[in-house]
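A short worksheet on the structure shown next.
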Amino acid sequence: MVEEYNRKLHFYQVFDTDGKQLNDIRFYGMTGSGIYQSEFGIIHKTDIQNFVAQTIPSNAHPSLLLQPYDTQLNTLYGQFTPVAGFDLGLTIEWGDDIDFSTGRQGKVTTLVPTAEYQVNDHWRLTLDYTNQKLEVDNMEVFNVHIGNFRAAYQISVNSFLRLTLQSSRVGVDRSLASQLLYSYQLDPFTLFYFGYSDNGYRSNSLQEFKRLDRTLFVKFSYAWQL
């Protein structure tokens with residue numbers, strides 16, 4: 001059951017310091033809310049991109065500088081809370097994107113499901129997955145899969161412990177990364193971070209994951225009050 005909805009229209013243009021137009025962007029959409037603390041929306045975006053006056057990656061194709069690109073992207077998203085403390089979400093995008101390596105315009109699709117569970121006053125679990133695929137002339141350019149898992153434990157008002165695991169796959173290449181972080185707030189202005197991280201990968205030529213590095217780190221943050 002829909003309880004409220006809104007329609008919106010936004011448009012803006014981006015220029016460089018010499019007054020040359022870089023982007024002409026327009027958003028059309030509708031958002032709403034309903035039962036189970038749900039939120040949803042659908043957005044249509046058009047963007048005329050001009051790379052002539054922009055700084056592009058060194059490995060980008062020179063043809064990017066020859067013409068503007070008229071792209072359109074659609075976004076459909078939703079989120080709801082079926083039970084207290086448990087949130088589910090889904091974002092789907094489809095439309096146009098640019099293959100920088102060839103300078104050609106193709107079709108992109110992105111799928112992002114998410115889940116978050118507040119177990120109790122101390123534990124919070126978060127899981128999300130991203131799959132993005134780009135095709136040009138019906139040929140696949142890339143197909144990326146990224147998964148993230150985070151488990152956070154609130155030890156006290158001033159400290160928490162968080163474990164992060166990330167897995168990614170592009171074609172046959174896979175990588176894994178992990179991080180364990182402890183944070184302690186000494187006072188409203190002072191924060192300490194202690195952590196460990198590592199990562200590894202496996203390519204088509206490797207049968208097992210190869211660990212790239214292991215890192216122990218300490219960070220200190222202080223907010224100066226003027």
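The values are calculated or read from the model by the stated rules, or taken from the named source; none is laboratory data. Quick caveat, the model's predicted, so the values are computed rather than measured. Reconstructed Cβ throughout: ideal geometry from the backbone, glycine too, with neighbour counts over all protein chains shown.
Some values worked out for this structure:
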read-out	value
Cβ-Cβ under 6 Å pairs, at least 6 apart or on other chains, the range 163-185 side at positive phi, far side in a strand (DSSP E or B) and not small (Gly, Ala, Ser)	none
Which listed residue, of Glu140, Glu135, Glu116, is exposed (fewer than 15 other Cβ atoms within 10 Å of the Cβ) and part of a strand (DSSP E or B)	Glu140
Positions within the range 88-141 being aromatic (Phe, Trp, Tyr) and without any contact (Cβ under 8 Å) to a residue 24 or more places away in the chain, in sequence order	Trp94, Tyr129
Close pairs from the range 213-224: first closer than 14 Å to Leu191 by Cβ, partner of a type in the set (A, V, I, L, M), Cβ under 7 Å, at least 6 apart	Ser221/Leu191
Residue among Gly34, Gly29 that is modelled with pLDDT under 85, of a type outside the set (Ser, Thr, Tyr), surrounded by 14 or more Cβ atoms within 10 Å (Cβ to Cβ) and under 26 Å from Gln79 (Cα atoms)	Gly34
Residue match in the range 93-113 (condition: more than 30 Å from Pro68 (Cβ to Cβ) and under 19 Å from the mean Cα position of the chain (by Cα))	yes
The lone exception for Ala60 - which of (1) small (Gly, Ala, Ser); (2) within 23 Å of Lys45 (Cβ to Cβ); (3) in a strand (DSSP E or B) it fails	(3)
